[in-house]
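S.K.: Starting off with a structure, shown below.
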Amino acid sequence: MKGYIIPILILISFKGFSQQDEINQLESQKEKLTMQVQVLNDSIKKLDIKIIALKSKKIIKTVNDSTLKGIVRSGAKLKKTAHPLGELITTLTADEEVLILDYKAGYFGVCIDSICGYMNELWIVKDQLIIDFKKFKEAEEQELKKLERQQKLKTKKAEYAELEKGYIKKYGERIYNKLKQGHYWIGMNREMATISLGRPNDINRSVGPWGVHEQWVYDSLYLYFENGKLTSFQE
């Protein structure tokens, strides 16, 4: 009987190894394909950037040379700022040619002779170059906002990382990890509760000869502190 068992075990083991080898090969192929897809995506992004740059080149040159011009209809209002309530500079009494220098929030920055200001885009007769200029300025504004958001996010992440270092130094990594997971317990202080649960919806505080009593109110939880230490809670 033992003579049969050993070959069977060897066969099962060999089959297991074969399946693992096949899995490893498939995982390796998957990794290679993923890398190839990433390379292709990066190449597409680079091409998109080049296309945008080429399309924008004419517009940028026009802006730098201050040669983009358009016709403004009679009745157009020239304002000091790009805003409906912006202070009025003048109202045109006839169709006029203007120099276009800027665009933001539905308003073109224009100059008429030596007078410059902002004018609602509805007053301007748009040819393809003016339309492209508007798209370029909108894309430029979106990119600036995106960069601002990214910078703010980086700043917040850096600030949070420094804050975390302080908490870990103060409470230890094990306790801090429990707080991050939302745990709370009798004896924790107010700062620990805030790290774990966030700021409460409301705090009811009373002061007496016994000290300071606080009730922290969350959506479905009440914490009770005595002189800054959690003494009980109600769910």
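S.K.: Run the dipole for segment 79-224 about the Cα centre, Lys and Arg Cβ at +1, Asp and Glu Cβ at -1, nothing else charged, and hand back the magnitude in debye, nearest 20.
M.R.: 1280
S.K.: For Ile89, which sequence-distant residues (separation of 5 or more, or a different chain) have an amide H within less than 5 Å of its own amide H, given hydrogens modelled in the peptide plane?
M.R.: Here Leu78, Lys79, Lys80 satisfy the definition.
S.K.: Moving on to the next point. List, in order, the whole-Hz ³J(HN,Hα) value for each residue of segment 72-88 obtained from phi through the Karplus relation with A = 6.51, B = -1.76, C = 1.60 and θ = phi - 60°; use x for Gly and Pro.
M.R.: So the Karplus estimates, Gly and Pro as x, are 10, 6, 4, x, 4, 9, 9, 10, 6, 10, 7, 7, x, 9, x, 5, 6 Hz.
S.K.: Where the centre of each part is set by its Cα atoms, how far does segment 135-201 sit from segment 103-131, in angstrom?
M.R.: Between the Cα centres of segment 135-201 and segment 103-131 lies a distance of 43 Å.
S.K.: Starting at the first residue of segment 214-228, write each ³J(HN,Hα) from the Karplus equation 6.51 cos²θ - 1.76 cosθ + 1.60 with θ = phi - 60°, in whole Hz, x for Gly and Pro.
M.R.: Result, rounded to whole Hz: 10, 10, 9, 10, 10, 4, 9, 8, 10, 10, 10, 10, 10, 6, x.
S.K.: According to the square roots a ≥ b ≥ c of the eigenvalues of the Cα gyration tensor, what is the shape class of segment 66-131, taking rounded for a/c under 1.5, prolate for a/b larger than b/c otherwise, and oblate for the remainder?
M.R.: Note, shape of segment 66-131 comes out rounded.
S.K.: Can you list the residues, at least 5 places off or on another chain, whose amide H is less than 5 Å from the amide H of Lys69, using H built in the peptide plane?
M.R.: Ile100
S.K.: May I ask you to compute the full-extension gain from Gln150 to Val125, defined as 0.36 nm times their residue separation minus their alpha-carbon distance, rounded to one decimal in nm?
M.R.: 5.4 nm
S.K.: For Lys134, list the aspartates and glutamates whose Cα falls under 20 Å from its own Cα; do not include residues on the same chain fewer than 8 positions away.
M.R.: Partners found: Asp48, Asp65, Glu96, Glu97, Asp102, Glu121, Glu143.
S.K.: Still on this structure: Starting from 0.36 nm per residue, how many nanometres of slack lie between Lys157 and Ile71 once their C-alpha separation is accounted for?
M.R.: In short, 26.1 nm is gained.
S.K.: With respect to the cross-link table entries Lys146/Lys170; Lys30/Lys180; Lys80/Lys154; Lys30/Lys157; Lys152/Lys178, which display a Cα-Cα separation exceeding 31 Å?
M.R.: Going by Cα-Cα distance, Lys146/Lys170; Lys30/Lys180; Lys80/Lys154; Lys30/Lys157 fall outside the 31 Å limit.
S.K.: Same structure again: Spelling out what I want: for every residue of segment 93-99, take phi, set θ = phi - 60°, compute 6.51 cos²θ - 1.76 cosθ + 1.60 (Karplus), and round to whole Hz; glycine and proline get x.
M.R.: Each residue's phi maps through the Karplus curve to give 9, 7, 4, 9, 8, 10, 8 Hz.
S.K.: How much length is gained if the chain between Gln142 and Glu31 is pulled fully straight, taking 0.36 nm per residue apart and subtracting their Cα-Cα distance, in nm to one decimal?
M.R.: 36.5 nm
Taken together, the values in this text are just the output of simple stated rules run on the coordinates, not laboratory data. Because the structure is a prediction, the values reported are computed rather than measured. Cβ sites come from the backbone with ideal geometry, for glycine too, and all protein chains shown count toward neighbours.
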